[in-house]
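This report refers to the structure that appears directly beneath it.
The values are calculated or read from the model by the stated rules, or taken from the named source; none is laboratory data. No experiment lies behind these values; they were computed from the predicted model shown. Heads up, the Cβs are rebuilt from the backbone with ideal geometry, glycines too, and the neighbour counts pull from every protein chain shown. For the accessible areas, the whole protein counts, side chains as well, though only heavy atoms, and no ligand, DNA or RNA atoms are used. Shrake-Rupley method; radii C 1.70, N 1.55, O 1.52, S 1.80 Å.
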Amino acid sequence: MKICIVTSTRADWGLLMPLAKVLRNEDSLETAIVATNMHLMERFGMTVDEITDVGFDVAARVPMDIEGDDEASRVRAASLCMAGMADAFSQIKPDAVLLLGDRYEMLAVASAAAIMRIPVIHIAGGAVSEGAVDDCIRHAITKLSSLHLTETEEYRRRVIQMGEQPDTVVNTGAIGVWNGRNITPVSKESLEEFLGMQLDGETAIVTYHPATNDTSATPAEQVEAMLDAIAQFPDLKCVITYPNNDAGGASTIPLLEKFAATHTARVRLIPSLGMLRYQSMLKIASLVIGNSSSGIVEVPSAGIPTVDIGIRQQGRTAAQSVIHCGNSRRDISEAISEALSPAMKELASKCENPYYRPDTLALMRNAVLKFMHSLPVAPKKFYNIDLNR
């Protein structure tokens, strides 16, 4: 049996890599990696190299060049992705396609697979993130998929509520949390050499993506407010990573570059840390600032606070160590102060992470193998819940 694993960003490959490794070791399976979108863009670090650097061959590369920084340009890019996936799937001939998350290009991937009658295995469905268009895309991918690996029991119930058969929905916990608990981190000295900066004192990891459903301010205005807030903490060192390439993201990069150039002693801006460096940074950082889902899902297991800015992640289940704040300079500054307080540090060091399960990788592996060995799947039937109960 052949399973095709599709990855489009540094973020989803960091999550998918451990599962890809265990599936590659199964005698009954052949794995094929397909890379698209940001993986193939020099500006974002050409992170397809992170796939080949850990020993994987990339069976197909599907470019989806984006011209412009608006929503229409993403629609055009997604159409390129969908056409490219048709070619890749025709070449690879997979028995199933595995993908993660909620990005627009993943909707193109899932659509191509569904039309070509290739079953889809979807990781991380059932969540809610009201501040981004990703929210409806995630639910659309759920309806195109045949096996669902959710991050919490609440999310599992939500997928069933959407009409998916209960025996096709498995609460595995979040693979990113499993990664953080099971990787061998790189040393602090290695990180300092990579960044060219000493990591002594308070250090923040900063990642801010466009909140595509937020009309209160432009992404550039929101990032400017965040940077103004961070500037009020002159002793706080910051490792800032690039935004994703959603609409409006390109407009924020010059602001980040200017901030890093103005604060060379304490700020580093890089396109991508990669999974290993990111998880290693979490073990020595003081807090995380921004609006990435990682701040909600993974960071609580590192025992440090998250400053979650704006509405992008609104609706997600969150640990007590996550501080939600508005996107004004004052709101962000107050949240950073709270995150750096002894009381919040103490709470973060002890709080439970709702996304944690000790056996996440094994649950994923077993669910995928069971699914692959039961192919072909019958046409999906809508699961009706009793609305009168």
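In table form, for the structure just shown:
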item: 1 or more residues under 26 Å from Thr150 (Cβ atoms): qualifying helices (runs of 4 or more DSSP H) within the stretch 220-329; result: 274-282, 293-297
item: The stretch 59-92, residues that are closer than 25 Å to Gly14 by Cα, open to solvent by 60 Å² or more (accessible area, probe 1.4 Å) and assigned to a loop (DSSP other than H, G, I, E, B); result: Pro63, Asp65
item: Complete set of residues in the stretch 144-167 that are more than 18 Å from the chain's Cα centre (by Cα), touching a residue at least 60 places away in the same chain (Cβ under 8 Å) and not in a loop (DSSP other than H, G, I, E, B); result: Leu147, Glu154, Ile160, Gln161, Pro166
item: Among residues of the stretch 1-34, those that are under 19 Å from Ala108 (Cα atoms) and part of a strand (DSSP E or B), counted; result: 8
item: Residue list for the stretch 348-359, restricted to those being outside any loop (DSSP other than H, G, I, E, B) and open to solvent by less than 60 Å² (accessible area, probe 1.4 Å); result: Ala348
item: Filter result (part of a loop (DSSP other than H, G, I, E, B), open to solvent by less than 90 Å² (accessible area, probe 1.4 Å) and in contact (Cβ under 8 Å) with a residue 24 or more places away in the chain) within the stretch 360-387; result: Leu375, Val377, Tyr383, Ile385
item: Test: residue in the stretch 152-175 that is in contact with a strand residue (DSSP E or B) (Cβ under 8 Å, 6 or more places away or on another chain) and of a type in the set (Phe, Trp, Tyr); result: yes
item: Ser272 over 23 Å from Arg158 (Cα atoms), open to solvent by less than 40 Å² (accessible area, probe 1.4 Å) and in contact (Cβ under 8 Å) with a residue 40 or more places away in the chain; result: yes
item: Considering residues of the stretch 103-128 that are surrounded by fewer than 24 Cβ atoms within 10 Å (Cβ to Cβ) and assigned to a loop (DSSP other than H, G, I, E, B) only, the residue nearest to the chain's Cα centre (by Cα); result: Val128
item: Residues satisfying the stated conditions in the stretch 183-201, i.e. outside any loop (DSSP other than H, G, I, E, B) and either open to solvent by less than 40 Å² (accessible area, probe 1.4 Å) or at pLDDT below 95 (or both); result: Leu191, Glu192, Leu195
